[in-house]
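For reference, the structure discussed in these notes is given below.
Derivation of every value follows stated rules applied to the coordinates shown; laboratory data play no part. Please read these numbers as outputs of a predicted model, since none were measured by experiment. When we count neighbours, we look across all protein chains shown, and the Cβ atoms used for this are built from the backbone with ideal geometry, even at glycine.
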Amino acid sequence: MLFFDKGENMQLSIPNNLNNELNELSKIYNLDTSKMVIEAITKYIQEQKSKMIYNNFEQSAKELKKVLENKTKLQTLDEFLDEL
């Protein structure tokens, strides 16, 4: 369970069916709906950051593979900066 400090208020519109399900779960598990939404958003953000890291790593690995296969000419930093 995540613990949160006092934050800012935010107004959020969600579909009625989702709101009903959220309220049902909050009653069943005796949880605060705001904390449930905060935890869901926090997990979503963490997943997106993980995907970005993975995608950046994958791109770097592809670039490294090209360099190692001699498909890309290695440059010095000065040569690279001159191109820019």
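Computed from these coordinates, which is Cα Rg over 2.2 N^0.38 Å: (1) 1.64; (2) 1.06; (3) 1.95?
Derived directly from the coordinates: (3).
Of all trypsin sites (Lys or Arg not before Pro) in the range 44-84, which ones are in loop regions per DSSP and have a Cβ with at most 11 other Cβ atoms within 10 Å?
Loop-located and lightly packed - Lys71, Lys73.
Quick one: net charge around Thr33, please, counting Lys, Arg +1 and Asp, Glu -1 for every other residue with C-beta under 15 Å from its C-beta.
So the environment of Thr33 carries a net charge of -2.
Give me the distance in nm between label points sitting 7 Å out from Cα along the Cα-to-Cβ direction at Tyr44 and Lys27, one decimal.
2.5 nm
So, R0 is 41 Å and r is the distance between the beta-carbons of Leu18 and Phe57; what FRET efficiency does that work out to, to 0.05?
E between Leu18 and Phe57, to the nearest 0.05, is 0.75.
Which angle between 0 and 90 degrees, to the nearest 10, do you get for helix 16-28 versus the longest principal axis of the chain when only C-alpha atoms count?
On a 0 to 90 degree scale, this one is about 70.
If Lys and Arg each add +1 and Asp and Glu each add -1, what is the summed charge of the other residues whose beta carbon sits under 12 Å from the beta carbon of Ile45?
Within the 12 Å Cβ shell, the charges total +1.
Expressed as an acute angle from 0 to 90° and rounded to the nearest 10, what is the orientation of the C-alpha long axis of helix 33-68 relative to the principal long axis of the chain?
10 degrees
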